[in-house]
1. Take peptides 18-27, 258-267, 323-332 and line them up by average Cβ neighbours within 10 Å, highest first, as a rough protection proxy.
2. Near the amide H of LEU104, under 5 Å away, which other amide H atoms are found, from residues 5 or more places off or on another chain, if H is placed in the peptide plane?
3. Please give me, ordered by residue number, the GluC sites (Glu not before Pro) of the stretch 251-298 that lie in loop per DSSP and have at most 14 other Cβ atoms within 10 Å.
4. Could you run the Debye sum over the Cα atoms of the stretch 28-165, one equal point scatterer each and no solvent, and tell me log10 of I(q)/I(0) at q = 0.10, 0.16, 0.22 Å⁻¹, two decimals?
5. Report the convex hull volume per residue for the stretch 66-137, counting only C-alpha atoms, in Å³.
6. At each listed q (0.13, 0.16, 0.24, 0.25 Å⁻¹), what is the log10 of I(q)/I(0) that the Debye formula gives for the stretch 236-319 modelled as equal alpha-carbon point scatterers?
Amino acid sequence: MTPTPGSISSVPAPRQWINATTGRIAPERFSWLQAVVWAQEDQTYRNTCGHGPQRIGDTTLAVAVELARFSPCRPGVETLARRLNRSARTIKYHLGILRDTGLLAYRTKGTRVSGIGNLASEYVWTIPQAFDTALHLMTRTSDRFIRMVTGIKDAGRNRIRRLARTVQQLLGKRRTRRTLRTNRRSRTTRCTPMRGSSESLSTAGPTSLPPESKLEAGEAISPTLCKTRTRRVLNSTGRRFQLARELIEQTEWLNRCSVPRIAWIVRAVADAGWTSTEVRAWLHLRGESQHIRRPSGFLATVLHNAENVLDTPAKRADAVDRWRASLDVARRERIQSVRHHAERFDNVWQPPTSPAVRRLVDAAFAARPLVSIGADQDVLHAVSGVGELTAAEVKASREEARARLMAGDTGPISTAVASLGRQVAYDLYGHDLVLRGLQMMSATRSPLLSVGT
């Protein structure tokens, strides 16, 4: 049966990726939530699977509201289940409904990376063509958003105002204390002219894109007259939790610990005014272990009486300087070892003796030309000198690695990680780019896998 104009039709799985979607990218979360509310009120979508929810319901809308608070939209299923008090299976059902209706598109699909763990899928907020047809929106092509809204006809103004009020009520609902700490509602007045283009850049700096409910002649209130937000001052309990979160993010062997437990362990040093850098310097001076069976217990043992030993800011600053000096020495030794390894094993590769393996190698060489040994040495030399590179050279290296990653070549990133370690690769190419490269190397090869828009 052919769907009528403005009705929701099921999106096949190959079309649920950003490089193959027929919808357009939402400029911001407010416009995307208007499309989700419209899809719930439309009630023309029916799930074609034989299990799970059959239509868009209140739980789907609650999942969409939580997704709108992630930027970039990379939520974990366990995180959504914990916030919404639902099971992981329920969250997966409703994420599938949002993809099936064209409201979400994959940017990268979650996978398991060795040494890091599970990586969540990253989504892009998309608005299906049926929404533009039903709301009488006028669009044009756009390099950034696939299609850009330029105006709205009179027939759709009342409905889009009603959708805007519904979204404001959803975003204004009382949330948990944890969500309120990290997600504050923006009180900036949104306004754009009828035929205005929000792709142009202002000399005053970057501005947020307006929602599609404000596509009118403008408003009397200037968007620049907004209230200044005062910086929140943390009390002693908040400082303990802040220090605990920073340590969990920066220390690899603490990444599976709970924030409240670590906050209780670091309460003494947090009350003394220690920073996460000073705590890590103290852990280095006390001696780090290679095999830690109970991270929280190890941390409690090492931090015992630390606030009395380094009781002044000068002592803590000296400990940080000694820690950073030891890191520089270790980095130089690692770079020297890599160079020695490269000189020792240069041009010693021999073809395999097995005929079956030799056929596989010949087929791989025929499918993709082998990079010369000299080019590999150039890449290795560029990676090994991270501390001596200028800002322009680092920027050029990142742009080259990003371009090769877009083409499916993870050579620079894999060389840096294998030769110099993950931390040096992060310093050279950036945290997000290295994670994308590791994800591409470990994920199942699929023609639908894409990085970037």
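1. Numbers: 18-27: 20.1, 258-267: 17.8, 323-332: 12.7.
Ranked by mean Cβ neighbours within 10 Å, highest first: 18-27, 258-267, 323-332.
2. Answer set, sorted by chain and number: ARG99, THR126.
3. Working: sites: GLU252, GLU278, GLU288; in loops: GLU288.
When the GluC sites (Glu not before Pro) of the stretch 251-298 are filtered for loop state and at most 14 Cβ neighbours within 10 Å, GLU288 remain.
4. -0.36, -0.88, -1.45
5. Expressed per residue, the convex hull around the Cα atoms of the stretch 66-137 is 106 Å³.
6. -0.35, -0.54, -1.27, -1.38
Each reported figure results from applying straightforward, stated rules to the coordinates on display, with no laboratory input. Computed from a predicted structure; not experimentally measured. Virtual Cβ from ideal backbone geometry, glycine too; neighbours counted across all protein chains shown.
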